[in-house]
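Visitor: Next up is a structure, given as structure tokens.
The values are calculated or read from the model by the stated rules, or taken from the named source; none is laboratory data. Not measured: the values here are computed from a predicted model. Every residue, glycine among them, receives a Cβ derived from its backbone with ideal geometry; neighbour counts consider all protein chains shown. To get the accessible areas, we keep the full protein, side chains included, count just its heavy atoms, and leave off ligands, DNA and RNA. Shrake-Rupley method; radii C 1.70, N 1.55, O 1.52, S 1.80 Å.
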Amino acid sequence: MIQRAPDIKDFLRIATGQAPLPDQPQALAAFTLWAQQSHILGQVAAVVDAPVGTKLAEILENARLRSSYDQRMLTFETNRIKRALMGADIQPILLKGSAYVAEHLLASIGRRVSDIDILVPEAQLGETERLLGQAGWRAEESTSGAYDQQYYRRWMHELPPLRHVTRRTLIDVHHRLLPRTSRIRPDHLKMMAAARQIEGSDLMVFSPTDRFIHSAIHIFGDGAFETPARSFIELYYLYQDLSDDERQGLLARATDVGAQKPTAEALWMLDEYFDIKAGGARASLVLKSCLRSVTAGQGSGQFLANSVLYVRSHYMRMPLPLLLGHLWKKLLRRV
Amino acid sequence: MNRRALSDYPRSDVIHALRSGTLALDLGPFLTRIKLSDRRSIDFFRDMYAACPVSIDKAVLCDFSLCLRPPNKFRKYFRRQIVPDPGFQFPAVPLPLEMSPLAFEMGLNLSVALQCFRFAIFHAGVVADGDNALIIAAKSGGGKSTLTAALMEEDWRLLSDEFAILDLDAATLKAYPRPVSLKNASIDVVRGFAGSGQVSDTLHDTPKGAIAYRRPRPSDIETMQRAAKPRLILFPRFTDGAQAESREIDLADAAMQLIASSPNYQVIGERAFSGLMTMLEGMKAYEIEYGSTEDSLALVRELWKAHVP
């Protein structure tokens, strides 16, 4: 039910509080639908004030209630993870949303979160899984089958997802940033070495520069852009939270840790969609045109562009023979 | 904003709006954008929701969006299936295309249950006598829907067959009068007293058995903006051949059972607790057991008379 988005850049500006809401009812409805479908209503609600008593005010209030629960849940679960690993000499690094919330970053405000991502040294993977298991996190039902379990453990960058038996919360335990088979191999050990403690807590997070780089790796090196607006807003806010020095050192650090390509693509996106001029922004023609087509939310090119991005995400993740075998399995399971 | 009863629109306009996903259903506290493409769900919608206000204007803001679509391209053409898509990932079971009305009703339930946080929601039927509401809490096979439909015949207003929607500030229940979902033996029972014109065609062999729907009356739709103050909660149990019996239960137990049936109580948090406690003040809760619709109606009459002036 995708509506034609008149101009994605206008929508992104409104969603990040840089432009007022549209006056025209039709444009307002299109913007709201776009924000709903992009799962960013909570973030919109944090920067937009709707007139009291309107449907928009109700919709935003509803989104605010949901995202504030997500943040409470995340804070609580992070605390439980800390407790589960207590005394084991494992210091997990919080990734993505859980790190943004723990550090009160712009990117966390109103963000919808459904799972918790942590990173531990590969040598401590078994111990981490055992301790989390004792605390109630077991293999998630949808991936608890033998094929998925062995697939994750053999090829992926994380354990199969763990779901808490009573609270139903989901943890992804990573030991690297991209699948073992991935085409780009960011040096997660270097990034882990630069990680630091959150103030007033003994949990760890990446440095601000590495945090942006990791988000770029996740979005441009791994994902299929299912919710591009949400990803772009995340990178926009992460960039906003960097100092000038950190911004300038971004590409050098990215090259240093082997993530030059996704970082340059992320910077291209900031230029393309937010008019942020950051040096070294580069992306391939195919990626550019696919993203433009997908984010325009219209036209017959959509399906093709989405398919290309889907195939690209798998191409980035694994070599062709492995990919063909895996896609065949997934196809058989779907029909 | 241009909003009229569905039946006041030309047929072709409604069908076109449903197919292109621009129809907005304005029911109780929620506006829902609906997209349907198969004949059967479109006919079902036009029939069961005929008295409901809708808009076919694209510029209407909606709380939820619901689209019925094939689970994948393959199932669009071969052994056709349909799945409700409420706009977020949910492992809904694909159904054969003939069961699209069920997929639609399940989809609307999902939309409300998993996306509404402005109100606390409990799984229960709600009917009202004027501004006083009766909550019929759900227990599978308890006979909630049959009792709800039977009370409609006794001139109770239908607020909802599925959800008690609690306004946390006012401690009142919102009306969301959708078709009453009937299963198996209760279909013929309700056809018997409501008349078969009020009940949809039966869908056979669904994952829930045989399913049919009892249409809300135009009066339920006309009065749907009138919230009602809950006075009595019943936990019904239908047992074949049982003696009619009622047993008062502690309000704390009633609260625990309601909370267990709520899809959003945890998400709302503290306000849901305090709102529920305010709602329960002065209420009475009973378990009732019965073996026939007549007995259940007699029990309700008796308890209602004893507690609601």
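Visitor: Is it true that some residue in the stretch B:205-217 is away from every other protein chain (no Cβ under 14 Å) and free of Cβ contacts under 8 Å to residues at least 24 places away in the same chain?
Guide: Yes, the conditions are met somewhere in the stretch B:205-217.
Visitor: Which ranges mark the helices (runs of 4 or more DSSP H) fully within the stretch A:1-94 that have 1 or more residues being facing chain B (nearest Cβ under 10 Å), within 21 Å of B:PHE30 (Cα to Cα) and in contact with a Pro (Cβ under 9 Å, 6 or more places away or on another chain)? Quick ask: steps written out before the conclusion?
Guide: Working: elements: A:8-15, A:25-37, A:41-47, A:55-84.
By residue number, A:25-37, A:55-84.
Visitor: A further question on this structure: Among the residues in the stretch A:32-51, are any more than 26 Å from the chain's Cα centre (by Cα), buried (at least 18 other Cβ atoms within 10 Å of the Cβ) and not hydroxyl-bearing (Ser, Thr, Tyr)?
Guide: Yes, the stretch A:32-51 has at least one match.
Visitor: Which one of B:PHE78, B:PHE104 is within 26 Å of A:ALA30 (Cα to Cα) and either within 14 Å of chain A (Cβ to nearest Cβ) or touching a residue at least 60 places away in the same chain (Cβ under 8 Å) (or both)? It would help to see each step written out before you state the result.
Guide: Working: B:PHE78 fails: within 26 Å of A:ALA30 (Cα to Cα).
Among B:PHE78, B:PHE104, only B:PHE104 is within 26 Å of A:ALA30 (Cα to Cα) and either within 14 Å of chain A (Cβ to nearest Cβ) or touching a residue at least 60 places away in the same chain (Cβ under 8 Å) (or both).
Visitor: If you go through the stretch B:34-66, how many residues are open to solvent by 10 Å² or more (accessible area, probe 1.4 Å) and farther than 20 Å from B:GLU162 by Cβ?
Guide: If we filter the stretch B:34-66 for residues that are open to solvent by 10 Å² or more (accessible area, probe 1.4 Å), which is where we start, we get B:35, B:37-40, B:43-44, B:46-47, B:50-51, B:53, B:56-59, B:61, B:63, B:65.
Now restrict to residues that are farther than 20 Å from B:GLU162 by Cβ: B:35, B:37-40, B:43, B:46, B:56-59, B:61.
Within the stretch B:34-66, residues that are open to solvent by 10 Å² or more (accessible area, probe 1.4 Å) and farther than 20 Å from B:GLU162 by Cβ number 12.
Visitor: While we're here: Among B:ALA252, B:ALA272, which is assigned by TED's automatic domain parsing to the domain that holds B:ARG157 and touching a residue at least 12 places away in the same chain (Cβ under 8 Å)? Please lay out each step first, then the result.
Guide: Working: B:ALA252 fails: touching a residue at least 12 places away in the same chain (Cβ under 8 Å).
Criteria check complete, one pass: B:ALA272.
Visitor: Looking at this structure, is A:GLN197 within 14 Å of A:GLU103 (Cβ to Cβ) and of a type outside the set (A, V, I, L, M)?
Guide: So A:GLN197 passes the test.
Visitor: Can you name the residue in the stretch B:242-287 that is β-branched (Val, Ile, Thr) and in contact with a Phe, Trp or Tyr (Cβ under 7 Å, 6 or more places away or on another chain) and, of all such residues, is farthest from B:ALA133 (Cα to Cα)?
Guide: Across the stretch B:242-287, the extreme among qualifying residues is B:VAL267.
Visitor: Between A:GLY97, A:GLY110, which is at positive phi, in contact (Cβ under 8 Å) with a residue 12 or more places away in the chain and in contact with a helix residue (DSSP H, G or I) (Cβ under 9 Å, 6 or more places away or on another chain)?
Guide: On the way: A:GLY97 fails: at positive phi.
Being at positive phi, in contact (Cβ under 8 Å) with a residue 12 or more places away in the chain and in contact with a helix residue (DSSP H, G or I) (Cβ under 9 Å, 6 or more places away or on another chain) holds for just one of A:GLY97, A:GLY110, which is A:GLY110.
Visitor: Residues of the stretch A:188-206 being touching a helix residue (DSSP H, G or I) at 6+ places or on another chain (Cβ under 8 Å), assigned to a loop (DSSP other than H, G, I, E, B) and either at pLDDT 95 or above or of a type outside the set (Gly, Ala, Ser) (or both), which ones? Walk me through it before giving the result.
Guide: Taking the stretch A:188-206 as the starting set, the residues that turn out to be touching a helix residue (DSSP H, G or I) at 6+ places or on another chain (Cβ under 8 Å) are A:190-191, A:194-195, A:198, A:201-203, A:205-206.
The next check asks that each one be assigned to a loop (DSSP other than H, G, I, E, B); those that pass are A:194-195, A:198, A:201-203, A:206.
A:ALA194, A:ALA195, A:ILE198, A:ASP202, A:LEU203, A:PHE206 - these are the residues of the stretch A:188-206 that are touching a helix residue (DSSP H, G or I) at 6+ places or on another chain (Cβ under 8 Å), assigned to a loop (DSSP other than H, G, I, E, B) and either at pLDDT 95 or above or of a type outside the set (Gly, Ala, Ser) (or both).
Visitor: Output the number of the condition that B:GLY130 fails; it satisfies all remaining conditions of (1) surrounded by fewer than 17 Cβ atoms within 10 Å (Cβ to Cβ); (2) within 11 Å of chain A (Cβ to nearest Cβ).
Guide: (2)
Visitor: Where in the stretch B:66-145 are there strands (runs of 3 or more DSSP E), lying fully within it, with 3 or more residues that are more than 15 Å from the chain's Cα centre (by Cα) and of a type outside the set (Ser, Thr, Tyr)?
Guide: Strands (runs of 3 or more DSSP E) meeting the threshold: B:81-85.
Visitor: A follow-up question, please. Any residue in the stretch A:135-146 that is of a type in the set (A, V, I, L, M, F, W, C) and surrounded by fewer than 18 Cβ atoms within 10 Å (Cβ to Cβ)?
Guide: yes
To keep it simple, each residue is scored yes or no on (1) touching a residue at least 24 places away in the same chain (Cβ under 8 Å); (2) among the hydroxyl-bearing types (Ser, Thr, Tyr); (3) facing another protein chain (nearest Cβ under 9 Å).
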| site | (1), (2), (3) |
| --- | --- |
| B:GLY21 | yes, no, yes |
| B:CYS67 | yes, no, yes |
| B:LYS73 | no, no, no |
| B:PRO86 | yes, no, no |
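Visitor: Additional query: Identify, by number, the condition in (1) farther than 18 Å from A:LEU74 by Cα; (2) in contact with a Gly (Cβ under 8 Å, 6 or more places away or on another chain); (3) buried (at least 21 other Cβ atoms within 10 Å of the Cβ) that A:ASP187 doesn't meet.
Guide: (3)
Visitor: Out of all the residues in the stretch A:106-127, which are out of contact with any Leu (no Cβ under 7 Å at 6 or more places or on another chain) and either over 18 Å from A:LEU177 (Cβ atoms) or surrounded by 23 or more Cβ atoms within 10 Å (Cβ to Cβ) (or both)?
Guide: A:LEU106, A:SER108, A:ILE109, A:GLY110, A:ARG111, A:ARG112, A:GLY126, A:GLU127
Visitor: Being in contact with a helix residue (DSSP H, G or I) (Cβ under 8 Å, 6 or more places away or on another chain) and crowded, with 22+ Cβ neighbours inside 10 Å is true for just one of A:TYR273, A:TYR237. Which residue is that?
Guide: A:TYR273
Visitor: Every residue in the stretch B:247-271 that is touching a His at 6+ places or on another chain (Cβ under 8 Å) and open to solvent by 50 Å² or more (accessible area, probe 1.4 Å), please.
Guide: Passing the criteria: only B:PRO263.
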